[in-house]
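The values are calculated or read from the model by the stated rules, or taken from the named source; none is laboratory data. On a predicted model such as this, the values are computed, not experimentally measured, just so you know. A quick note on method: Cβ atoms are made from the backbone with ideal geometry, for glycine too, and the neighbour counts reach across all protein chains shown. When the accessible area is computed, the model is the full protein with side chains, heavy atoms only, and any ligands, DNA or RNA have been set aside. Shrake-Rupley method; radii C 1.70, N 1.55, O 1.52, S 1.80 Å.
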Amino acid sequence: MFDISILDENVPTIIEGLAKKLPAYKKWTDKYLSKNMGDIKGFVEQSSDSVFNPTSPLSNSVIDDKMSPFEFVKKYSRNSRRKNKLFLAEYPLTGELLGDIAIEDFVSCIYRYTSNVFIEPLLYLGRGGNITPMHHDDYSNIYIVLAGKKKVEVISSKYNDQLKEYVVDGNQLKIKDISNVDYNKYPEMKEVHISTFDVQAGDALYIPRGFWHRMTGGEDRNLAVSLWF
């Protein structure tokens, strides 16, 4: 289905049409997801300004440990009318949902490419311009957009020296407006190049291990899966 060996390990790359090859691309309506998600809690976030990730210094979001994914799917479509916006983040895929993203094919091609441990695929679902602030992960990522769109701003790890005084908790950047950096306040950012990728439904983005990235979802329903490896 897809040969990951065509990717340059250190170059973020849009993979056009990848998501369209997956059963999930057509099957994952809200109704379908609500039927196939478990009742496990702890993955729904609430935020007053649509900036999510409780570990980020730029977010006021909190985990709603009482709301299940099933309840979330019934409520998040009204985000524009809610005081606290909702976002489902890093929900671990199991059962039929794993088959819907052809997980065995991905495992096979990733193990041919690297001996790293394969990380459980994670689902993200939101509406209304949900934002995940700039951060980096310890894994490479194939970020698959199944519905809506995502604007992804990426900074190479080669700029870590310039970024270090703006980093908190090891992997969170404390610069809020990364699209319009105040160079008087953050002078080291003058030397940092930010790449922007507009990932449309049906496509995927490869993000190398350790690269900084900020996610902004479209105003409409945006659904994605991360494959960390």
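Which condition does L58 not pass, out of (1) of a type in the set (A, V, I, L, M); (2) over 17 Å from the mean Cα position of the chain (by Cα); (3) outside any helix (DSSP H, G or I), if it passes all the others?
So the condition that L58 fails would be (2).
Pairs only if they're at least six apart or on different chains, beta carbon under 6 angstrom, first in the stretch 159-176 and in a strand (DSSP E or B), second of a type in the set (F, W, Y); list them, first residue then second.
Correct list of pairs: L173/Y166.
Of everything in the stretch 33-53 that's of a type in the set (D, E, K, R) and within 22 Å of G218 (Cβ to Cβ), which residue is surrounded by the fewest Cβ atoms within 10 Å (Cβ to Cβ)?
D49
Filter the stretch 67-101 down to residues that are part of a strand (DSSP E or B) and open to solvent by 60 Å² or more (accessible area, probe 1.4 Å), then give me how many there are.
Residues that pass the stated criteria total 1.
For residues in the stretch 171-229 being closer than 21 Å to P54 by Cβ and among the hydroxyl-bearing types (S, T, Y), which is most open to solvent (accessible area, probe 1.4 Å)?
Selected residue: T216.
Looking at M189, M215 in this structure, which one is within 19 Å of the chain's Cα centre (by Cα) and not hydroxyl-bearing (S, T, Y)?
Working: M189 fails: within 19 Å of the chain's Cα centre (by Cα).
Residue meeting the stated conditions: M215.
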